[in-house]
Amino acid sequence: MNSRERILGRVRRALADTAADDVPYERAVARDYLREHGDRSDAETVDLLAENLADYRAIVHRTDGEGLAELIAGLLEKRGAASVLVPPGLDSAWLARTGVTRVADRAESTPHELDEADSVVTACAVAIAETGTIVLDGSPDQGRRRITLVPDHHICVVRVPSQVVSSVPQGLERLDPARPLTWISGPSATSDIELDRVEGVHGPRTLEVILVNED
């Protein structure tokens, strides 16, 4: 008998005299909580997202579809990036104005190779205004999770208002739990026991979010 079988055996014995729970899962937990806090227009929801992103020390930019490529090129140039990681399904027009070397998202890439890339540009799955959170789900325009965790600079494009929701419950409705979800609230940061903030430990040190107006 291995450790797993021993533990499961103890659980079965502990539950042997417990009555069966006949309450269906969907009714087992009350879900009458507020789905969002306040009544906001689409524009106000986007403004709240921008405010909370900035509060988490993300750098927020706004543009329209025509100005997106130029803005991305300017951000890469300002960063001094010589290479940029590119997910396979990223819209090629987004990088049309930059001459920075593009590095493909490949399954065989080593962590060292990914670390050599100066920046990464991705789209997102959804953005949550009330928490200032960007969620990636590994879709072709976002690439593998690791390409947004190893490089030090991440540019994430959010289409507004279609990809912006008010609350976490609304965001979860748009996400597939079977996909590799990455929830991002600002650049990676942690604090030691003396509360000294250190950025770039578990992901990019700099997160730039571009809110692209679809109108």
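The numbers here are math on the coordinates, done by the rules we state, and not lab data. Values in this document were obtained by computation on a predicted structure and should not be read as measured data. A quick note on method: Cβ atoms are made from the backbone with ideal geometry, for glycine too, and the neighbour counts reach across all protein chains shown.
Values computed for the structure shown
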{"item": "Most to least packed among 10-18, 42-50 [average Cβ atoms within 10 Å]", "result": "42-50, 10-18"}
{"item": "Relative packing of 84-91, 61-68, 2-9, 124-131, which averages over residues the other C-beta atoms within 10 Å, highest first", "result": "124-131, 84-91, 61-68, 2-9"}
{"item": "Among 169-175, 180-186, 105-111, the order from most to least packed when residues are scored by Cβ within 10 Å on average", "result": "180-186, 169-175, 105-111"}
{"item": "Charge dipole magnitude, Cβ of K and R +1, D and E -1 - the chain, Cα centre, debye nearest 20", "result": "900 debye"}
{"item": "Dipole axis of region 107-215 (+1 Lys, Arg; -1 Asp, Glu on Cβ), positive-most option in V168, P140, V212", "result": "V168"}
{"item": "Under Karplus coefficients 6.51, -1.76 and 1.60, residue-wise ³J(HN,Hα) of region 83-98 in Hz, glycine/proline x", "result": "8, 9, 6, 10, x, x, x, 5, 4, 4, 5, 5, 10, 5, 9, 10"}
{"item": "Rounded FRET efficiency, nearest 0.05, which uses the C-beta distance separating V201 from S83 and R0 of 22 Å", "result": "0.50"}
{"item": "Per-pair calculated FRET efficiency, R0 = 41 Å: T18 and R57 via Cβ, rounded to 0.05", "result": "0.30"}
{"item": "Per-pair calculated FRET efficiency, R0 = 35 Å: A107 and E5 via Cβ, rounded to 0.05", "result": "0.50"}
